[in-house]
Amino acid sequence: MEYNKPLYLCAFLPMAALFYHYAPQKRKRIVLLLADLIFYTLLAGKLTAVFLLTCLFTWWMERRIGSASGRGKTAWFLAGIIVLFGTLFAFRFLRLFPKSPTGISYYTLMAAACLIEVFWGRLSPMGLCDTFLFLAFFPQVLQGPIVRPQDTLEQMKNPSAVRRSDIRAGLLRILWGLFKKLAIADRLNMVVGMLFREYTNYHGAWIPFAAVCCTLQLYMDFSGMIDVTIGSAQLFGITLPENFRQPFLSEDAGEFWRRWHITLGVWLKTYVYYPIVTSKRVLRLMKSAKKKHGKYAAQLLVSFLALTPVWLFNGVWHGPHLNYILYGVYYLVMILLNEALKPAKTAFYRRTGFRREGAFFKVFRIVRTLIIVVTGELFFRAKGTRAGLFMIAQTFRDFDLSELTLTNLHTFGLDTADYAVILFGTILVFAYDLMREHGFDVNTWLSGKKRAVRWALYYAAVALVLVFGAYGTGYLAVDMIYANF
Amino acid sequence: MKKTRWRSILCFVLGLFLILEALSFVSIVILMHSDRTIQKRNATELDFVRVRRNSLDGVVLGSSLAYMSIDPEVIEKETGEKFYVLGLPEEKMAEAYHLFRLADRRQNLKVVGIECDMLFQERSKAQEIQDVAIEVCAQILPIVKTHDAWKAFFPHEKSDEIRKNGFRIEKNSSESVPADTAGYMEETDKCAPLSDYSRTILTKICKQCRKEGIKVILFSAPSVTDGSMEKHNTLSRLADELGVAYIDFNTEDIGIDWNKDTYDGGEHLNTDGAAKVSSAFAKKLETLEADE
């Protein structure tokens, strides 16, 4: 019962939302708790026990950490972190069990955030019910957003009456997410699946095409399903943090990661990056490096020291494959390179007199970032490191643009009509992204419009999903990509 | 205030329903005038509703094993009875039930043949619920099944498959690829597991048929890859429980030569193999009718 399945969209979600809406204020938490438990049990079956144990352990550890002091506090904290990540490691990396509990990569980070916040004294130990509500919130348990206690806990602890505007906004957001997933991502899956599975049979020109398609698919799938998640949460009056902010308008790799999978980035920044850069040892090292080699070298050194664990963690978190780790290293190199070249770039603009903010250079930087991102995604999606390297080499070895014909495109199982939907759907999504970048908010815009206009838009959204969605006969239902991480 | 809100919600839902009904109508009209490539799974139903009402004696339900092994023309030649194959690739039980209901409404049926391999499809509980829900939903809003109709306005390659009363002949249907029969129908007392979902739907079809005096024949089409003694044992018992006939063409000697009569190495039959099964089916039909 994933978020893109009719059972969730047409039965579970509306029923849970209705019960929640009509439950007395005092009972809302219980309704939510039951909905979370039913949802997780339906998805994970027996492995629900692992999840419940994690909730119980997190709650118990918070109390231990909260009540201890000095070294004891640190010992409890470290023990908690080791057990949480040890469980994740055992399931995801050592594969001691045939199946991993649903959403383990996500809820482990959230549980760790609870322990860290309590350890830092920024959060009081939560009650068992609150811990469960925080970790198990069903719209987000499958694929995030990875929230910190300060993001949602208060909303869950003190549920407010759900406003009509929230319901309207939530439903529209769900429909938009479904359009991205069903009309674009699931269609692209056929092309991407074939090209990455049988990469040795394709000429070099197909490789950049495969990379662009897989980047698009990943964005439409992940951001689409996050839209469904955020929209579902809105039906319960809960505002989840955004996970995407027009990532393809980024001007460098660092900015891309501040716009793509934002909550993972925020988690890593809060709990890995900042503790390193503000640690006494690193501050001392920076001071001495500054004295010996100057500010530029010291900053680079600190960036390297703090970003290396961040990017290794990012890579490893995605799974036990070398190409994920190398994907992390790839971004580390790109971001450090950007840092290292900053003085040279500043000098270039100063000497030439070109405006850094001029349209040409802005577009240039966006295109450059897109190339970096697409190359990274190619490596990320490839079936292993060797396959990734082979595909990149193939691009330069055997490049023949004449291979990219409509007849050849049809061999992936999609017809002209499918490609037309992908193309126009993508244009629509990017146009909306561009509007959002310039401050447009559809809900604010709609709130000032007459009922007829509002309803027309809702009807159009439903029709778009129902008519152009790649579901039912002739299409293969595609699982949510990020639910597998 | 509350009353106004409910009225507003009701109006919205009604408006949405009308729009979806209109879209459904338009999509069906487009599909009726389009070719099979666009019609996809709907083609079986769309072809069937074109058959004159009360002109058939029987229908056969099932997956590709059904529509590639039962040729209604052969049955008609041998028994004089008119049949139609309502088969879909990997037909789900919920789809089979819907097609049965459709056939029952439009035709005065005497016989319903059910190719039983679809009973053993592995579906999770959630998928089973979803299958049924989609079928029910499609009855009210066909757009969920016909939503691809707009593709008819785009250039596409047309299907060269020929259909004769539901029997499908593809380009290479007369070719043969020998099958490896090692382990095929090995003796065993074991039974293949059958889900409650398959059992319930089959029982429902049988009950309805009994009520209307329609004869039900369960059968297994010959298939090296899909046929097994486990399935045979389960189906024999099930047929006894339901009080219907069961014929397993995997165990019956009907002259299938696995070197010549299969077009894909043992899963499906070619036209020669289908002729043999159809002829055997016709003979069994006559025997069963004579027994009565």
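How do the pairs read when you match residues in the stretch B:28-51 that are touching a residue at least 60 places away in the same chain (Cβ under 8 Å) and within 12 Å of chain A (Cβ to nearest Cβ) with residues anywhere that are in a loop (DSSP other than H, G, I, E, B) and not hydroxyl-bearing (Ser, Thr, Tyr), using Cβ under 6 Å and keeping only pairs 6 or more apart or on different chains?
These pairs meet every condition: B:Thr37/B:His156; B:Thr37/B:Lys158; B:Lys40/A:Gly474; B:Arg41/B:Leu88; B:Thr44/B:Leu88.
Given (1) more than 20 Å from B:Lys215 (Cβ to Cβ); (2) at pLDDT 90 or above; (3) not in a helix (DSSP H, G or I), where does B:Glu91 come up short, assuming only one miss?
Unmet for B:Glu91, out of (1) more than 20 Å from B:Lys215 (Cβ to Cβ); (2) at pLDDT 90 or above; (3) not in a helix (DSSP H, G or I): (2).
Go through the stretch A:450-473 residue by residue and tally those that are closer than 17 Å to A:Gly193 by Cα and surrounded by fewer than 18 Cβ atoms within 10 Å (Cβ to Cβ).
Here the count works out to 0.
Determine whether B:Ala22 is within 14 Å of chain A (Cβ to nearest Cβ), of a type in the set (Gly, Ala, Ser) and under 12 Å from the mean Cα position of the chain (by Cα).
So B:Ala22 fails the test.
For (1) under 27 Å from B:Phe154 (Cβ atoms); (2) in a helix (DSSP H, G or I), each residue gets a yes or a no:
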| position | (1), (2) |
| --- | --- |
| B:Ser27 | yes, yes |
| B:Ile30 | yes, yes |
| B:Thr37 | yes, yes |
| B:Ala43 | yes, yes |
| B:Arg52 | no, no |
| B:Ile70 | no, no |
| B:Glu78 | no, yes |
| B:Ala96 | no, yes |
| B:Asn108 | no, no |
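Of these, B:Ala245, B:Ala239, which one is in contact (Cβ under 8 Å) with a residue 12 or more places away in the chain and surrounded by 19 or more Cβ atoms within 10 Å (Cβ to Cβ)?
B:Ala239
Looking at (1) of a type in the set (A, V, I, L, M, F, W, C); (2) assigned to a helix (DSSP H, G or I); (3) within 26 Å of A:Val374 (Cα to Cα); (4) in contact with a Lys or Arg (Cβ under 7 Å, 6 or more places away or on another chain), which one does A:Phe244 not meet, given that it meets all the others?
Here A:Phe244 meets the rest and fails (2).
Can you confirm whether A:Gly472 is free of Cβ contacts under 8 Å to residues at least 40 places away in the same chain and closer than 25 Å to B:Gln130 by Cβ?
Spelling it out, A:Gly472 is indeed free of Cβ contacts under 8 Å to residues at least 40 places away in the same chain and closer than 25 Å to B:Gln130 by Cβ.
Looking only at the stretch A:427-485, which residues are among the small types (Gly, Ala, Ser), in contact with a Leu (Cβ under 6 Å, 6 or more places away or on another chain) and closer than 23 Å to A:Arg168 by Cβ?
A:Ala461, A:Gly469
Any idea which residue in the stretch A:440-484 is nearest to A:Asp186 (Cα to Cα), counting only those that are more than 12 Å from every other protein chain (Cβ to nearest Cβ) and in contact with an Asp or Glu (Cβ under 6 Å, 6 or more places away or on another chain)?
A:Val478
Run A:Glu377 past the list (1) farther than 26 Å from A:Val302 by Cα; (2) surrounded by fewer than 19 Cβ atoms within 10 Å (Cβ to Cβ) and report the number of the one that doesn't hold.
(2)
Assigned to a helix (DSSP H, G or I), closer than 27 Å to A:Tyr40 by Cα, touching a helix residue (DSSP H, G or I) at 6+ places or on another chain (Cβ under 7 Å) and modelled with pLDDT of 95 or more: is that true of A:Phe132 in this structure?
It is false that A:Phe132 is assigned to a helix (DSSP H, G or I), closer than 27 Å to A:Tyr40 by Cα, touching a helix residue (DSSP H, G or I) at 6+ places or on another chain (Cβ under 7 Å) and modelled with pLDDT of 95 or more.
Quick one: how many residues across the stretch B:1-19 are within 11 Å of chain A (Cβ to nearest Cβ) and not hydrophobic (A, V, I, L, M, F, W, C)?
Going through the stretch B:1-19 one residue at a time, the tally reaches 3.
When you look at B:Asp131, is it more than 26 Å from B:Ala221 (Cβ to Cβ), touching a helix residue (DSSP H, G or I) at 6+ places or on another chain (Cβ under 9 Å), within 14 Å of another protein chain (Cβ to nearest Cβ) and part of a helix (DSSP H, G or I), yes or no?
no
Has the stretch A:414-423 got any residue that is more than 11 Å from every other protein chain (Cβ to nearest Cβ), under 27 Å from B:Ala152 (Cβ atoms) and either free of Cβ contacts under 8 Å to residues at least 40 places away in the same chain or among the polar types (S, T, N, Q) (or both)?
Scanning the stretch A:414-423, I find at least one residue that is more than 11 Å from every other protein chain (Cβ to nearest Cβ), under 27 Å from B:Ala152 (Cβ atoms) and either free of Cβ contacts under 8 Å to residues at least 40 places away in the same chain or among the polar types (S, T, N, Q) (or both), so the answer is yes.
For the stretch A:5-32, give me each residue that is more than 12 Å from chain B (Cβ to nearest Cβ) and crowded, with 17+ Cβ neighbours inside 10 Å.
Selection gives A:Leu13, A:Ala16, A:Ala17, A:Tyr20, A:Lys28, A:Arg29, A:Val31, A:Leu32.
Quick one: would you say B:Lys82 is away from every other protein chain (no Cβ under 12 Å) and modelled with pLDDT of 90 or more?
In short, yes.
For the stretch A:363-373, which positions are more than 14 Å from A:Gly328 (Cα to Cα) and either crowded, with 20+ Cβ neighbours inside 10 Å or touching a Ser or Thr at 6+ places or on another chain (Cβ under 6 Å) (or both)?
Of everything in the stretch A:363-373, just one residue is more than 14 Å from A:Gly328 (Cα to Cα) and either crowded, with 20+ Cβ neighbours inside 10 Å or touching a Ser or Thr at 6+ places or on another chain (Cβ under 6 Å) (or both), namely A:Thr369.
Does B:Lys171 fit the bill of being closer than 22 Å to B:Gly87 by Cβ, loosely packed, with under 12 Cβ neighbours inside 10 Å and within 12 Å of chain A (Cβ to nearest Cβ)?
No, not satisfied.
How about the stretch A:148-182: which of its residues are within 24 Å of A:Leu109 (Cβ to Cβ) and either surrounded by fewer than 19 Cβ atoms within 10 Å (Cβ to Cβ) or touching a strand residue (DSSP E or B) at 6+ places or on another chain (Cβ under 8 Å) (or both)?
The answer is A:Gln150, A:Glu154, A:Gln155, A:Lys157.
If you go through the stretch A:265-283 one residue at a time, how many are among the basic types (Lys, Arg) and closer than 21 Å to A:Tyr106 by Cβ?
1
Within the stretch A:43-66, is even one residue under 23 Å from B:Gln127 (Cα atoms), more than 14 Å from every other protein chain (Cβ to nearest Cβ) and among the hydroxyl-bearing types (Ser, Thr, Tyr)?
Yes, the conditions are met somewhere in the stretch A:43-66.
Output the residues belonging to the stretch B:35-67 that are modelled with pLDDT of 90 or more and under 11 Å from the mean Cα position of the chain (by Cα).
Hits for the stretch B:35-67 are B:Val59, B:Val60, B:Leu61, B:Gly62, B:Ser63, B:Ser64, B:Leu65, B:Ala66, B:Tyr67.
Looking at (1) surrounded by fewer than 17 Cβ atoms within 10 Å (Cβ to Cβ); (2) in contact (Cβ under 8 Å) with a residue 12 or more places away in the chain; (3) not in a loop (DSSP other than H, G, I, E, B), can you tell me which one B:Lys231 breaks?
Answer for B:Lys231: the failing condition is (1).
Could you list, ordered by first residue, the pairs with Cβ atoms under 7 Å in which the first is in the stretch B:144-157 and more than 7 Å from chain A (Cβ to nearest Cβ) and over 23 Å from B:Leu16 (Cα atoms) and the second is surrounded by fewer than 23 Cβ atoms within 10 Å (Cβ to Cβ) and among the small types (Gly, Ala, Ser), at least 6 apart or interchain?
Pairs that qualify, where the first residue is more than 7 Å from chain A (Cβ to nearest Cβ) and over 23 Å from B:Leu16 (Cα atoms) and the partner is surrounded by fewer than 23 Cβ atoms within 10 Å (Cβ to Cβ) and among the small types (Gly, Ala, Ser), are B:Ala152/B:Ser34.
The values are calculated or read from the model by the stated rules, or taken from the named source; none is laboratory data. For clarity, every value in this text was computed on a predicted model and none was experimentally measured. Please note: Cβ atoms are built from the backbone with ideal geometry, for glycine as well, and neighbour counts cover all protein chains shown.
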